1. Considering only residues that are crowded, with 16+ Cβ neighbours inside 10 Å and part of a loop (DSSP other than H, G, I, E, B), which ones fall in region 94-131?
2. Evaluate region 128-142: report whether one residue or more is of a type in the set (V, I, T) and more than 28 Å from L16 (Cβ to Cβ).
3. Would you check if there is a residue in region 153-175 being within 16 Å of ligand 1 (Cβ to nearest atom), in contact (Cβ under 8 Å) with a residue 12 or more places away in the chain, in a loop (DSSP other than H, G, I, E, B) and over 15 Å from the mean Cα position of the chain (by Cα)?
4. Just name the residue that is farthest from I103 (Cα to Cα) out of those in region 43-70 that are part of a helix (DSSP H, G or I) and touching a Cys at 6+ places or on another chain (Cβ under 7 Å).
5. When you go through (1) of a type in the set (D, E, K, R); (2) in contact (Cβ under 8 Å) with a residue 60 or more places away in the chain; (3) in a loop (DSSP other than H, G, I, E, B) one by one for K146, which number turns out not to apply?
6. Among the numbered criteria (1) hydrophobic (A, V, I, L, M, F, W, C); (2) under 15 Å from L212 (Cβ atoms); (3) surrounded by fewer than 22 Cβ atoms within 10 Å (Cβ to Cβ), which single criterion is violated by I162?
7. In region 3-43, what count of residues is obtained for those that are away from ligand 2 (no atom under 16 Å from the Cβ), more than 18 Å from C62 (Cα to Cα) and among the aliphatic types (A, V, I, L, M)?
Amino acid sequence: MPIIAPSLLSANYLNLEADCNMLNESEADWYHLDVMDGSFVPNISFGPMLIEFFRKATKKVCDVHLMIVNPENYAEQFKNAGADNLTVHIETCNHLHRNIQQIKSLGMKAGVAVNPHTPVSGLSDVLHDIDLVCLMSVNPGFGGQKFIPQTLEKIKQLRKMIDDKGLNVLIEIDGGVTLDNAPSIIAAGADVLVAGNTVFKSADPTATIKKLKSL
Ligand code: DX5
Ligand code: ZN
């Protein structure tokens, strides 16, 4: 069964409490929280302050996806805000191994995200140090974009790398996940489905989460 991680980027910010209550009572496993800095990505979202509020609203895993430059300057703040998983982009880290060690030493699970153009082979030497790989299936920055089909090939490659090394690293797919493409994403070897628009723009978000979970 896939882990379902609705992205709060698509929630209703005029009534976040209602969306949190919906998620808490749903079969969602994680809260996926997208932090954007307007520098690494062309959009600005929210930071640790809002994550502190999400943390208070839930006992589910808070999966924080940092789309920011210099993530090492903020890792401790996100830990204090309540992040369980902290994911940094390989494209923003000159010393990725150091970033991973920092995240783990703060007591969080460490994730590495890769953009659509970044080959998964670049993860080979850190794979045994991390808990999660976030494969971007859209260019990061916005919800509601179309899934890039080449991602399926990357999932298969990464699945093989992880299995060949006998590791227990989760593969998370982020961007453009729908009820239609989720079966092929799971069949390719993904463990975690992030879903923003598919969940929050659907007529019945709870039922949509249930459908994703049962795939
Ligand atoms: C994109 C974010 C995603 C986004 C996914 O930069 O990292 O998590 O919220 O949204 P959907 O599922 O609508 O593509
Ligand atoms: Zn994300």
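Read-outs throughout are calculated quantities, based only on the coordinates presented, and are distinct from any laboratory measurement. Everything numeric here is computed off the predicted structure, so don't read it as measured data. Reconstructed Cβ throughout: ideal geometry from the backbone, glycine too, with neighbour counts over all protein chains shown.
1. Passing the criteria: M108, N115, T118, V126, I130, D131.
2. yes
3. Within region 153-175, not a single residue is within 16 Å of ligand 1 (Cβ to nearest atom), in contact (Cβ under 8 Å) with a residue 12 or more places away in the chain, in a loop (DSSP other than H, G, I, E, B) and over 15 Å from the mean Cα position of the chain (by Cα).
4. Step by step, filter region 43-70, then rank; the result is A57.
5. Only one criterion is unmet by K146, namely (2).
6. All conditions are met except number (2).
7. Residues flagged as away from ligand 2 (no atom under 16 Å from the Cβ), more than 18 Å from C62 (Cα to Cα) and among the aliphatic types (A, V, I, L, M) within region 3-43 amount to 1.
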